[in-house]
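The values are calculated or read from the model by the stated rules, or taken from the named source; none is laboratory data. Keep in mind the model is a prediction, meaning the values are calculated, not measured. Here Cβ is always computed from backbone atoms with ideal geometry, including for glycine, and neighbour counts include all displayed protein chains.
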Amino acid sequence: MVARLVIDRVAKRNALTRAMWKELPGLLAGLAVDDEVKVLLVTGEGPSFSAGADIRELISDADPDDPMAELRAANLRAQAALREFPKPTVAVVRGHCIGGGLEIAVNCDFRFAAPDASFGVTPARIGVVYPPAAIKVLLDLVGPATTKYLLFSGELLTADEATLKGLVDRVADDPMAAAEAFAATLGSRSQLTIRSAKESVNALLSGADPEPAAVRRYRETIASGELAEGIEAFTRKRAPKFR
């Protein structure tokens with residue numbers, strides 16, 4: 001099954017409130033343990049993915065020395081929950097994908113975009129110091145030059161420009177249809193292989209040792225019969241029947 005997580009605040013171009021950031025980890029935790037869910041598509045309702053965080057909440061905390069503390073903590077927890085979600089995630093982007101919206105998109109495994117999509121990070125326009133944890137996600141994805149371009153300038157990239165810089169994986173007139181077709185492909189593959197690959201990539205990016213988890217997954221493919229099924233299907237030239 002393919003699950004969808006939809007950002008739905010159309011009147012504000014799907015700007016993300018503190019409450020929305022706080023809710024995201026719980027939603028993801030429920031989907032993570034649902035064995036029926038193999039792929040998660042993340043999108044926005046209406047013409048925009050998300051125009052970012054709700055500006056009115058940026059300095060709303062009581063502490064004058066750190067008026068963004070609660071919002072920043074909720075934002076970083078949500079980003080981490082999406083990044084560490086154990087199943088494949090695809091951001092399906094139409095229209096604006098800016099600031100907090102881009103944070104959601106880049107913490108997904110893949111980004112499929114419509115031709116009218118635009119991407120940017122705009123803290124330099126309003127004097128916000130961007131969190132290093134969020135910078136690292138961008139840095140790992142697109143490298144130092146593009147990360148600096150986005151953060152220094154606050155300028156927006158078109159879908160084609162974002163693709164050239166490695167920020168977008170595919171541009172399609174109907175990105176949801178393209179994402180659904182891709183999700184069907186992922187759903188037909190070995191879920192143990194996919195989960196192991198995602199765990200290893202995340203471990204390598206964080207500087208952790210990926211070997212122990214990879215060995216456990218390898219043994220799991222043997223014990224479950226998944227490896228044997230894949231090899232038999234290949235030799236018999238038929239589609240494998242994975243769990």
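Computed values, structure above
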{"quantity": "From R219, R170, residue being within 16 Å of the chain's Cα centre (by Cα) and not aliphatic (A, V, I, L, M)", "calculated": "R170"}
{"quantity": "Selection within region 101-135 - buried (at least 24 other Cβ atoms within 10 Å of the Cβ) and either at pLDDT below 95 or among the aliphatic types (A, V, I, L, M) (or both)", "calculated": "L102, I104, A105, A113, A117, V121"}
{"quantity": "Some residue of region 16-26 being in a loop (DSSP other than H, G, I, E, B), on the phi > 0 side of the Ramachandran plot and of a type in the set (S, T, N, Q)", "calculated": "no"}
{"quantity": "Search result, residues across region 44-96 that are at pLDDT 95 or above, in a loop (DSSP other than H, G, I, E, B), at negative phi and not hydroxyl-bearing (S, T, Y)", "calculated": "E45, P47, F49, E84, F85, P86, K87, P88, R94"}
{"quantity": "Matching entry among S196, S224, S200 (being surrounded by 13 or more Cβ atoms within 10 Å (Cβ to Cβ), farther than 30 Å from K136 by Cα and of a type in the set (S, T, N, Q))", "calculated": "S224"}
{"quantity": "Residues of region 27-58 satisfying the condition of being of a type in the set (D, E) and closer than 17 Å to I194 by Cβ", "calculated": "D34, D35, E36"}
